[in-house]
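Just so you know, all these numbers are worked out from the coordinates, no wet-lab data involved. Bear in mind that the values here come from a model prediction, so they are computed numbers and not experimental data. In this analysis, Cβ positions are derived from the backbone assuming ideal geometry, glycine residues included, and neighbour counts consider all displayed protein chains.
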Amino acid sequence: MRRFLEWMDKATQTRVRTVAQRHGRRSLLSKLGVAMVGGPLLPMLPFDRSGQFGAAHAADAPKPDPNDPTKCEYWRYCAFDGYLCTCCGGSLTQCPPGTEASKVSWVGTCLNPNDNKHYLVSYNDCCGKSACGSCLCNNNERERPGYRLGVHNDINWCMANTSPMFHCTTSIIVGVA
Ligand code: ABN
């Protein structure tokens, strides 16, 4: 009997040591952590309720018109950031009455889908009146942060004008790229 108990003792000890070596405390703690934190968080994760239905319908949606200067999708606006002057009493190239073009500007290179050529576009903010508030567009093709100032659109380019108030932005073609 004593021998049997000694054998049981040894076998149990060996098994426990093996298990302890394979699964340390850290492994147990990390599994417990995942179960405790991950479990309750799982139902809170965002998920696409629209599913395939929305995607299928998006394909049917009419394509935006690249030739309508009152829409953000107009081809010249590929690096535009601001209010369209075409919605604010001005035009593609003219500031609205009571405002003046910024003395400095940024540029973009946009593909004209009508002739398949790239054009260099100068975006001039119009200054001297408070923000127009209509047709806010923000497109960022080839746009770069402030360390490439000439292609940076996310600042008020009226800063060098007598009145630094920003109203809207024009888009003037300066050449074929
Ligand atoms: N360049 C348009 C603009 C004006 C003011 C603030 C951000 C962007």
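Points to keep in mind about this one:
- Checking each residue in region 59-88 for being within 16 Å of the ligand (Cβ to nearest atom) and surrounded by fewer than 17 Cβ atoms within 10 Å (Cβ to Cβ) picks out only Cys72.
- Restricting region 131-154 to residues that are loosely packed, with under 14 Cβ neighbours inside 10 Å and free of Cβ contacts under 8 Å to residues at least 24 places away in the same chain, the residue that is nearest to the ligand (Cβ to nearest atom): Gly146
- Among the criteria (1) touching a Pro at 6+ places or on another chain (Cβ under 8 Å); (2) surrounded by 17 or more Cβ atoms within 10 Å (Cβ to Cβ); (3) within 20 Å of Pro66 (Cα to Cα); (4) not polar (S, T, N, Q), the one Gly108 does not fulfil is (1).
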